[in-house]
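The values are calculated or read from the model by the stated rules, or taken from the named source; none is laboratory data. It should be emphasised that the depicted structure is a prediction, and the values quoted were computed from it without experimental measurement. We place every Cβ from the backbone using ideal geometry, glycine too, and count neighbours over all the protein chains shown.
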Amino acid sequence: MYITSRLSIYKTTIQLILKQKMDEKRANGRYYTCGNPFQIKPFQRWAKDSDLEQQVALEPFAGAKHIPQLIDTAQLKCQDWKTYDIEPGAKGILQRDTLTDFPKGFDVCITNPPWLARNSATRRGLPFPESTKYNDLYKYALDQCLTNCGWVAAIIPEAFIRSGLFLDRLSDFISIVPQTHITEQNREPKVTSNMFKDTEHPVGLALFEPNVNSDVRVWRNNQMLGKLDELRKHLPLPSSNRNIVFNEQDGNLGLIAIDNTVSASIRFCLPAELGGYKIRSHCRSITKIGVPWDVDIDMLNTRLTTIRENTYDVFFTAFKGLRRDGCYRRRLDWKLARAIIDGDYSQLKLGIT
Ligand SMILES: C[S@@+](CC[C@H](N)C(=O)[O-])C[C@H]1O[C@@H](n2cnc3c(N)ncnc32)[C@H](O)[C@@H]1O
């Protein structure tokens, strides 16, 4: 009895320490970069255009100096590095809160800034700068980098490309998809190159220039997917039709809004297929929708597939974890789902099928 209670106190203490460590890590967004995104073509071009070889490069959130090492491994050079961090994790890094006192006089900045969503900070009781209008620390950090440096390369969440921020400076956005390997014995994809050791958050590399004259080029690793505005043209017109009601228990249309772990499987379906599935008001994955007309489910699914193929899923939110086909799992948000359903209605009204 005595031993059991000592053991459980010990376990609780360890759990508390681990949670505290995790919270500290989250509060400063301390996930160091391990994978190397700097070998890909668009970064190599950016390095050339920014004349990296002749520059003293800035890493304002340097952690343990992984980025200078990764640049070196990618066979790229610069004159020198100046590195800062609020909590230096390696020798030679200057201690500074660069979010409030950003270093001046640098033209080129290569970084992976701290990431922390405001709602996650609030939920966990973590500090978040009050003065910023941004909903994530990485956007605030990026703003500082772009205000102070002409050329900025930043490893940031993949979701950034849907935020519409800083597009006048963005030349390229690369969705970094980890390389996977599937064997006969192991049907689940084995990730062979992850960007971080301790999180599977979907990652992108954003490349900014002092003046951008053309549309943003969007890439998946080394494959160019297209220009952002061109890809956007494949989306249906936005809809504000509030007669289409999501999360309605008696709805006449079902929607499985997230991919499974195997393939691109988001689809509309008959509500009966969802059987007794209890619809929750905040659910964002499986729902029933009330649509005030007869829906053509096959046509909706054809539209959905065409949009996914033509846009390469750039406007669908990526999930942690990869599908068996090596792509990120995606979610269809209600805004785009509404536009797809309403577009269908407009076409029926006009007699276009
Ligand atoms: C996501 S980590 C990335 C570290 C490094 N850039 C890398 O790629 O490995 C973000 C880093 O930002 C640092 N950081 C967080 N808030 C900071 C602040 N206000 N000023 C300076 N550094 C900060 C953290 O200590 C952490 O090392």
Any idea which residue in segment 65-78 is farthest from the ligand (Cβ to nearest atom), counting only those that are among the aliphatic types (A, V, I, L, M) and surrounded by fewer than 22 Cβ atoms within 10 Å (Cβ to Cβ)?
Leu76
Considering only residues that are in a loop (DSSP other than H, G, I, E, B) and either within 10 Å of the ligand (Cβ to nearest atom) or of a type outside the set (Val, Ile, Thr) (or both), look in segment 40-55 and name the one that is farthest from Val218 (Cα to Cα).
Gln55
Is it the case that segment 154-173 has a residue that's over 21 Å from Phe38 (Cα atoms), within 16 Å of the ligand (Cβ to nearest atom) and either loosely packed, with under 15 Cβ neighbours inside 10 Å or in contact (Cβ under 8 Å) with a residue 40 or more places away in the chain (or both)?
no
So how many residues does segment 298-329 have that are in a helix (DSSP H, G or I) and touching an Asp or Glu at 6+ places or on another chain (Cβ under 7 Å)?
3
Of the residues in segment 275-313 that are touching a Lys or Arg at 6+ places or on another chain (Cβ under 6 Å) and not acidic (Asp, Glu), the one that is farthest from Ser263 (Cα to Cα) is Ile279
Is one or more of the residues making up segment 56-64 more than 16 Å from the ligand (Cβ to nearest atom) and at pLDDT 95 or above?
yes
Which ones in segment 79-102 are buried (at least 18 other Cβ atoms within 10 Å of the Cβ), part of a loop (DSSP other than H, G, I, E, B) and either more than 7 Å from the ligand (Cβ to nearest atom) or at positive phi (or both)?
Ile93, Phe102
Report, ordered by the first and then the second residue, all pairs with beta carbons closer than 7 Å, sequence separation of six or more or different chains, a first member in segment 106-118 that is closer than 13 Å to Ala206 by Cβ, and a second member that is among the hydroxyl-bearing types (Ser, Thr, Tyr) and part of a loop (DSSP other than H, G, I, E, B).
Asn112/Thr33
Report the residue count in segment 105-133 for those that are surrounded by fewer than 21 Cβ atoms within 10 Å (Cβ to Cβ), within 14 Å of the ligand (Cβ to nearest atom) and aromatic (Phe, Trp, Tyr).
1
So, in segment 238-289, of the ones that are among the hydrophobic types (A, V, I, L, M, F, W, C), assigned to a loop (DSSP other than H, G, I, E, B) and without any contact (Cβ under 8 Å) to a residue 60 or more places away in the chain, which residue ends up surrounded by the fewest Cβ atoms within 10 Å (Cβ to Cβ)?
Leu270
Odd one out for Pro37 among (1) modelled with pLDDT under 95; (2) part of a helix (DSSP H, G or I); (3) within 16 Å of the ligand (Cβ to nearest atom)
(2)
